[in-house]
Structures are given as C-alpha cells and as structure tokens.
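What follows is a single structure, written as structure tokens, with notes after it.
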Amino acid sequence: MDFKHIIWDFDGTLYDTYPHTARALQIFLKREYGVNENTLEIEAQMRLSMRDAYAFYKDKYDIDEEFWQSYMDYRVLYENANAIPYNNAHLLCKFIQEQGSFNYLFTHRDKAALSMLQKHGFFELFKDFVTKEDNFDRKPCPDGLNHLIGKHDMDKDKTLFIGDREIDLQCARVAGIKFCLYTEDVNQTLGADFTVQNFSDLYYILNSTLTTKKDD
C-alpha cells in the first residue's frame with residue numbers, strides 16, 4: 001500500500017512533551033498546595049488522557065480555574081524551553097516531503113505547537129495544521145481528520161494517521177484511514193495497522209509504503 005498523506009499527532013508522537021507537561025504540573029501543585037505528586041504518575045495519567053488527568057487532580061485538590069489558567073501559561077513556557085522532538089522525527093518528516101508526499105498535523109494542542117515546530121525547523125515540512133483553535137470536537141471524534149481529508153482531497157487508501165493513544169486509533173478508524181501506533185511499550189498494539197517503538201521502525205515502514213514523485 002502506498003501512502004501519500006501522513007497526518008501526525010503532536011504530543012507523544014512528534015514531540016516528547018509528556019515528561020515536561022507532568023513536571024510543570026508537579027511544580028505548580030507543590031507551589032500552590034504544598035503537595036508532592038509523583039511526576040511519573042502524573043505523566044502516566046496524561047498519556048491516557050490530558051483532560052481526564054486534569055479532572056483527576058482538580059477533584060483531588062479542589063483546584064480552581066485561576067490555578068489552571070496560571071498552570072497553562074507556565075506549561076507553555078516550560079514546554080517551549082524543554083520539550084524536544086523525538087530522535088529522527090525531523091529527518092523522517094523531511095524524507096516524506098522529499099518523496100513528494102505530505103505531512104499534516106492534527107492535535108488537541110493550541111497554536112503553541114506551531115511555535116515549537118518553527119523552533120525546531122519542522123514548520124516548512126508541513127502542508128497544513130489542525131489545532132485547538134479550529135474548534136473541532138476532541139478525539140476520538142474524527143472531524144479534524146475529515147477536515148484535512150476533504151480540504152486536500154486525500155485518497156483515504158493513501159492516508160496514514162500516526163499517534164500514540166487509543167483515541168487516535170479510534171479517530172482513524174471512524175475516518176476510514178490507516179493508523180500507525182507510536183509506543184514505547186513493546187507489548188502494546190491496540191490492533192493498529194502498524195506499531196512502532198521508534199522512528200527507525202517508522203522509516204522502514206514508510207520507506208516501503210510511500211508514494212514517490214515518479215509513482216504519483
């Protein structure tokens with residue numbers, strides 16, 4: 001199968017953001033409430049669902065909206081200073097573009113993601129982006145994916161979504177496109193069409209499945 005359109009999730013897929021998002025919350029909880037939550041436990045909850053993780057700590061400590069707004073502002077600064085792309089992510093996105101195929105972004109994150117892409121030289125490698133500001137329903141609702149598919153007249157048989165969570169898989173399934181799971185857990189597959197643990201594995205898959213310029 002040849003892929004022409006590669007749609008990326010952001011957190012935990014292109015960028016290793018979860019440790020920094022969790023650390024930022026740990027710092028804020030310690031500062032405002034005097035509690036010392038375990039960063040790895042915060043991160044584990046965030047990897048399942050950011051929204052559910054926030055709801056968990058909001059209920060646990062009766063956190064108000066002022067705290068969350070301050071945390072969100074700090075989180076952006078902390079992540080911009082510390083979060084980096086996964087190894088070989090830039091090389092792979094560049095390879096996709098050089099083959100005449102296209103990179104797209106679909107994330108719940110706001111446009112701070114685009115600033116991070118610009119910082120690390122990714123922005124020019126992407127054809128289009130869907131972020132929080134586009135106001136699509138959250139995954140697993142496929143509206144954001146369907147928007148990209150329709151806007152760019154994608155052939156669904158040549159479209160691949162890459163993400164790290166089950167809601168990404170569910171989103172791809174409803175949209176009717178293939179899905180690649182990016183996970184560090186060698187025992188996790190979730191029934192994805194492809195499963196990889198690093199970008200070298202992902203390169204191997206894409207190198208054999210991309211539609212090249214001469215094939216298009």
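The values are calculated or read from the model by the stated rules, or taken from the named source; none is laboratory data. Note that the coordinates shown come from a computational prediction; the quantities given were computed from them, not determined experimentally. FYI the Cβ positions are ideal-geometry reconstructions off the backbone, even for glycines, and counts take in every protein chain you see.
Tabulated data
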item	result
Pick from the range 3-18, criterion in contact (Cβ under 8 Å) with a residue 40 or more places away in the chain, farther than 16 Å from residue 161 by Cβ and of a type outside the set (Val, Ile, Thr), ranking: surrounded by the fewest Cβ atoms within 10 Å (Cβ to Cβ)	16
Unmet requirement for residue 202, which otherwise passes all of (1) crowded, with 17+ Cβ neighbours inside 10 Å; (2) touching a strand residue (DSSP E or B) at 6+ places or on another chain (Cβ under 8 Å); (3) modelled with pLDDT of 95 or more; (4) not β-branched (Val, Ile, Thr)	(3)
Hits in the range 104-119 - residues which are of a type in the set (Lys, Arg) and under 10 Å from the mean Cα position of the chain (by Cα)	109
Hits in the range 168-194 (condition: surrounded by fewer than 19 Cβ atoms within 10 Å (Cβ to Cβ) and not in a loop (DSSP other than H, G, I, E, B))	170, 173, 174, 194
Index of the failed condition, residue 163 passing every other in (1) under 15 Å from residue 10 (Cβ atoms); (2) of a type in the set (Gly, Ala, Ser); (3) surrounded by fewer than 19 Cβ atoms within 10 Å (Cβ to Cβ)	(3)
In the range 96-111, the residues that are crowded, with 18+ Cβ neighbours inside 10 Å and out of contact with any Lys or Arg (no Cβ under 8 Å at 6 or more places or on another chain)	96, 105, 106
Some residue of the range 52-70 being touching a residue at least 60 places away in the same chain (Cβ under 8 Å), under 29 Å from residue 178 (Cβ atoms) and not assigned by TED's automatic domain parsing to the domain that holds residue 102	no
Test: residue 215 is surrounded by fewer than 20 Cβ atoms within 10 Å (Cβ to Cβ) and either modelled with pLDDT under 90 or part of a loop (DSSP other than H, G, I, E, B) (or both)	yes
Total residues in the range 170-199, condition touching a strand residue (DSSP E or B) at 6+ places or on another chain (Cβ under 6 Å) and farther than 17 Å from residue 3 by Cβ	2
Index of the failed condition, residue 116 passing every other in (1) part of a helix (DSSP H, G or I); (2) more than 24 Å from residue 44 (Cα to Cα)	(2)
Qualifying residue in the range 27-37 (condition: part of a helix (DSSP H, G or I) and free of Cβ contacts under 8 Å to residues at least 12 places away in the same chain)	yes
Among (1) without any contact (Cβ under 8 Å) to a residue 24 or more places away in the chain; (2) touching a Ser or Thr at 6+ places or on another chain (Cβ under 9 Å), the one test that residue 73 misses	(2)
Residue count, the range 107-128 (criterion: in contact (Cβ under 8 Å) with a residue 12 or more places away in the chain and within 17 Å of residue 76 (Cβ to Cβ))	13
Index of the failed condition, residue 104 passing every other in (1) assigned to a loop (DSSP other than H, G, I, E, B); (2) at negative phi	(1)
Hits in the range 147-160 (condition: of a type outside the set (Lys, Arg) and buried (at least 17 other Cβ atoms within 10 Å of the Cβ))	148, 149, 154, 159, 160
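Residues checked against (1) surrounded by 17 or more Cβ atoms within 10 Å (Cβ to Cβ); (2) farther than 23 Å from residue 107 by Cα; (3) charged (D, E, K, R):
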| residue | (1), (2), (3) |
| --- | --- |
| 44 | no, no, no |
| 59 | no, yes, yes |
| 64 | no, yes, yes |
| 68 | no, no, no |
| 72 | no, no, no |
| 75 | yes, no, yes |
| 78 | yes, no, no |
